[in-house]
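So the structure is just underneath, and the comments pick up after that.
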Amino acid sequence: MQKKLFLLDAMALIYRAYYGLIRSPRITSAGKNTSAQFGFTTTLIDIINKEKPTHLAVCFDTHAPTERHTDFTDYKANRQEAPEDLLQSLPDIKRIIEAFNIPVVELDGYEADDIIGTVAWQAADAGYEVYMVTPDKDYGQLLIHDHVYIYKPPFMGNKEEILDAKKICEKWDIQRVEQVIDILGLMGDAVDNIPGIKGVGEKTAAKLLKEYDTLENVLANADNITGALGEKIRAGKEDAIMSKKLATIITKVPVEFHEENYRLKDWNKPVLTEVFVELEFKTLGKRVLGDSFNAFHAAPEAQQTDLFGAVVDTKKSDISRKTESTVAAQSSLFGDDTSTGLVAEKNINNTDHDYQLVQTDEEIANLVSYLSEQAEICFDTETTHIDANEAELVGLSFSCRPGEGFYVPCPADRAATMAILQKFKDLFASPTMKWIGQNIKYDLLVLKWYGFEIAGELFDTMLAHYVIEPEGRRSMDLLSAQYLQYEPVHIDELIGKKGKNQGTMREVEVEKAKDYAAEDADITLQLKNIFVPLLKEKAVERVFSEAENPLVKVLTDMEFEGVKVDVGFLNDYSVELEREAKIFENNVYEQAGVRFNLASPKQLGEVLFEKLKLDPKAKKTKTGQYATGEDVLSKLAHQHKIVDDILGFRQLTKLKSTYVDALPLMINSKTGRVHTSYAQAVAVTGRLSSNNPNLQNIPIRSDRGKEIRKAFVPRDSNHILVSADYSQIELRIVAAISGDPNMCEAFRQGKDIHTATAAKVYGIPESEVTKEQRYKAKSVNFGIIYGQGAFGLADNLGIARSEAKEIIDNYKKEFTGITKYMDDIVNFCKDKGYVETILGRKRWLKDIYSSNFTVRGYAERNAVNSPIQGTAADMIKLAMIKIHHEMKSQKLQSRMILQVHDELVFDAVKEEVDILKPLILNCMKAALPLPNEVPVEAEVGIGDNWLVAH
DNA sequence: CGCTTCACG
DNA sequence: ACGTACGTGAAGCGC
């Protein structure tokens, strides 16, 4: 077995753990700060568990001065005294290390990096793979020795990282690891008070080494270096030489690597338990010590608030007692876990169901008559395609009580299938029958292609789950496993895995199809029985019954309708884009001096930053590639003319491949129209999303892009497109729910909100607001919605951080209500565990309690943004339902065809436009009145294509 | 299949 | 020491 030695730089890890949690430290009930102990211990345990070292040692610095101090009195002179509670952590940490039976290595006169370097090289010579565990980049120099690596432990949401010589060179932008000490000598190190050359930082140092290879050679050539840089180097020669010496890790420390001494041994569990109890490491103790920890751990865990117990519904509902007990089991364990005691009582297994095949006319007649006596029917369709617009019916399944299932096969012959459906016609048309389904929009759409519509109320279990647990995944298999403790037959077992050999339900023998299909209906019904009380417990019934559930039929109709696309126009435009893209592409190759795949970010990065030597400004992607996104490239535009050609190429090929060439291929052969599909249970905030194709991201911002909107046209010359959109809806919602007096008043007076904002922020009359100021104010207004800080605003507007900060500070002063809202909503979330919209749509943000700054920050921004984005989503959904209802009851022939978050598009009969316009606007404005008398405004336009109408 | 980029609100 | 503005879907690259 390969021997793996891990050497931990204790003080560096301790400092990092302590300061990493400085904003929300771990404090014991006695008030002791245990951040350092905790952080160090988790790092140690994670390494042992994950990396499985065979050998391990922990290295400390001692208080004794080192050679570096005696040679250079300023060394580490500006370092602050370590905080009291950090120093107090050291004895605990040493006890823990001792209890793990791990050796501590320290030696007066040497720092931990010297010891680690010496031992690392000795061990590597002895055939070990050596990992130096430290966040300190100076260790890179030790990687000149083979089989020695740096192990950066995970921190603040970053994954652990193993650095080898190549990665070190990439990080520093140098050619050889030997140059690490040269770069450190040139740039110095502020933390250790190593001076380096004044005015030379990381970038300049790397540039100098690229040209002169070593620090000594840089200094030797100092006279050849012109300008201010040359002067700085000439002035800093001595500092540089000394700095290099200080930065060089000593690898000849009088320590010896003893294999047996460093070998990992058993832990002293009683001592570990004692320390963990003392430090109140409850979860960690349980994790690593298991039951032996619980036995010692006499003090009870802090009582968790019972999230569900208080909400137990004593009223009898229509669910069985078994189901209730299952719900109770779910509830008492925070919804994730299941109580083993109750799993035995689960409702489905392979024996206690009765699934029947229903085929003959008589059988079907009996089924129909049975179903028509029921109050609710759970049903499901089996088809040949995942895309409902292409799907043919293969069978229908029904279930009205747990364990029951009927399956009606439908033959390949369309007329025969129609004949079967005819027998269900009255049932479908019954206004009182209630229909339960999982993603029932799909089934409605399939039926609609056969000319059948369901009249009664719906209950979609997928949507119920969506409002109960918006972030969760909700395939039926998962829901069944989670809520029914039952794993249904998987579709792959019938038709094979995804791929070219995948069959369709049509080829599955009818007995198997029956078991699968009937089970789906059965499970869906049981899920409904579980979700009904859950909707109540979580208090999300309103958004479910007023918005999500009634929206299903609206979306079904919209998807069925589709939109007409002018293919001739797109084909012409494709040719033009192709021609222009070619020109850009050739310009790029000419300027680069090579031909390469311009569509490959990897190749492009290499050409730009290695061949053409543009300055990448240290921007790298997480996989270590050069970032070449639009934001990065725009900032490089002044460095090289090639950048504009790259951006031009990117824009044109994007438009061509994603829209102009793709849309005609998505046209449905039966209708000649494009039918998008709206995902109603995907976006966690409550928005819809659109796919196959996505019609919610059709270009509008660029001139070349917006041309594409001309391809979206009315169905014929009797029709015209009508587009209506909300005006500044999210900002109005911010104003209304924050109650900020200035912003509410601006909206009530019908002002231009960005101009009004600019006037406040800059303290000038609105009439004097410049375009520039309005533009900046607009950016702040949007940034606020997302929880943006000064850094982001500066980046976005290309202004100094200081200016951004000033603007934000002014904004907060003028709009105190908004600042208060942002604080209040975060506190609300920390109190309740969720945030919610006006309609009561909730989003649970468990990361709001995270001690990790980055993770918690993300949750806090979500807490601010979700109620805003979600309320806007609620509002337009209510408007869609109202409009759909009105159009139907007024028997209008116009059709709602698209929704783009704050916009609705209609394929309108020309004669109906005068009725339609006010109908739409009234419904949109009145859909969800906002508090604080903030008015809701909407605008409507018409035209012979989407670009004109919008 | 994950990553990067880019289109929208 | 670290990262920095929310929510989506699709295309193309490269492993």
* Asked: Along the Cα-to-C-beta direction of A:Ile667, a point sits 7 Å from the Cα; which residues of segment A:376-392 have their amide N less than 20 Å from that point?
  -> A:389-391
* **Among the listed pairs A:Lys171/A:Lys210; A:Lys620/A:Lys778; A:Lys423/A:Lys497, those beyond 23 Å (Cα-Cα)** => A:Lys620/A:Lys778; A:Lys423/A:Lys497
* Asked: Hey, rough spin-label estimate for A:Asn852 and A:Asn224, points 7 angstrom out along Cα→Cβ, what's it come to in nanometres?
  -> 4.9 nm
* Asked: Where in segment A:76-111 does the amide nitrogen come within less than 17 Å of the point 7 Å from the Cα of A:Val271, taken along Cα to Cβ?
  -> A:90-106
* Per-pair calculated FRET efficiency, R0 = 45 Å: A:Gln890 and A:His640 via Cβ, rounded to 0.05 -> 0.15
* **Mean ellipticity per residue at 222 nm, deg cm²/dmol - from DSSP H runs of n ≥ 4 across chain A, formula -39500 (n - 2.57)** => -14500 deg cm²/dmol
* To do: Determine how large the accessible area of A:Trp121 is when every protein chain is in place; take a 1.4 Å probe and give Å² rounded to the nearest 10.
  => 60 Å²
* Give me the percent of DSSP beta bridges within chain A that run antiparallel, rounded to the nearest 5. => 65 percent
* Structure fact -> Relative to chain A, whose Cα atoms define the longest principal axis, helix A:440-449 and its Cα axis are tilted in degrees, nearest 10, by 50 degrees
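Once Rh for segment A:458-542 is found with the Kirkwood sum over Cα pairs, what is the Stokes-Einstein diffusion coefficient at 4 °C and 1.567 mPa s, in µm²/s?
My calculation gives 91 µm²/s for D.
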* Structure fact -> With a ≥ b ≥ c from the Cα gyration tensor eigenvalues, square-rooted, and the rule rounded for a/c under 1.5, otherwise prolate when a/b > b/c and oblate otherwise, segment A:120-173 is oblate
* Asked: Which of the GluC sites (Glu not before Pro) across segment A:466-572 are loop residues per DSSP, with 11 or fewer other Cβ within 10 Å?
  -> A:Glu471, A:Glu509
* Structure fact -> The percentage of Cα-Cα pairs in segment A:753-892 separated by more than 26 Å is 40 percent
* For segment A:730-871, with +1 on Lys and Arg beta carbons and -1 on Asp and Glu, the positive-most of A:Asn865, A:Val835, A:Ala790 along the dipole -> A:Val835
* Structure fact -> By accessible area (1.4 Å), largest first, A:Ser723, A:Ser717, A:Ser738, A:Ser889 order as A:Ser717, A:Ser889, A:Ser738, A:Ser723
* **Base-10 log of normalised Debye intensity for chain A (one unit scatterer per alpha-carbon) at q = 0.10 Å⁻¹** => -1.39
* Write down the accessible area per residue of chain A in Å², having rolled a 1.4 Å probe over the full set of protein chains. => 47 Å²
* Asked: Which whole-number percentage describes the relative contact order of chain A, with Cα contacts under 8 Å and a sequence gap of 6 or more?
  -> 9 percent
* Name the shape class, rounded, prolate or oblate, that the alpha-carbon gyration tensor gives for segment A:8-86, where a ≥ b ≥ c are the square roots of its eigenvalues, rounded holds for a/c under 1.5, and otherwise prolate holds if a/b is larger than b/c and oblate otherwise. => oblate
* Structure fact -> Expressed in nanometres to one decimal, the distance between label points 7 Å along Cα→Cβ at A:Gln591 and A:Arg473 is 4.4 nm
* So how much slack lies between A:Asp85 and A:Val489, counting 0.36 nm per residue of separation and subtracting their Cα-Cα distance, in nm? -> 139.7 nm
* Taking 0.36 nm per intervening residue step and subtracting the Cα-Cα distance, what contour gain separates A:His63 from A:Phe791 on full extension? -> 258.1 nm
* Which Rg and Dmax, in Å, describe the Cα atoms of segment A:393-545? -> 16.2, 47
* Structure fact -> Taking Cα atoms, the helix A:414-423 axis meets the longest principal axis of chain A at an angle in degrees (rounded to 10) of 70 degrees
* To do: Within segment A:572-622, list the chymotrypsin sites (Phe, Trp or Tyr not before Pro) lying in a DSSP loop whose Cβ has at most 16 other Cβ atoms in a 10 Å radius.
  => A:Phe596
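Go ahead and run the numbers for FRET between A:Lys512 and A:Lys434, Cβ-Cβ distance against an R0 of 25 Å, rounding to 0.05.
Working: r = 30 Å, r/R0 = 1.18.
It comes to 0.25.
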* Rounded to 10°, Cα long-axis angle of helix A:801-814 versus longest principal axis of chain A -> 50 degrees
* Loop trypsin sites (Lys or Arg not before Pro), segment A:724-798 (other Cβ atoms within 10 Å of the site Cβ: 16 or fewer; DSSP) -> A:Lys751
* Structure fact -> If R0 = 60 Å, then A:Ala481 and A:Glu256, at their Cβ-Cβ distance, give a FRET efficiency to the nearest 0.05 of 0.60
* To do: Could you calculate the contour length gain from A:Thr658 to A:Lys237, that is, 0.36 nm times the residue separation minus the distance between their Cα atoms, to one decimal place in nm?
  => 145.9 nm
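The values are calculated or read from the model by the stated rules, or taken from the named source; none is laboratory data. All of these numbers come straight from a predicted model, not from anything done at the bench. Neighbour counts are summed over all protein chains in view; Cβ atoms, including those assigned to glycine, are modelled from backbone coordinates with ideal geometry. The area values use the complete protein model at the heavy-atom level, side chains included, leaving out ligands, DNA and RNA. Shrake-Rupley method; radii C 1.70, N 1.55, O 1.52, S 1.80 Å.
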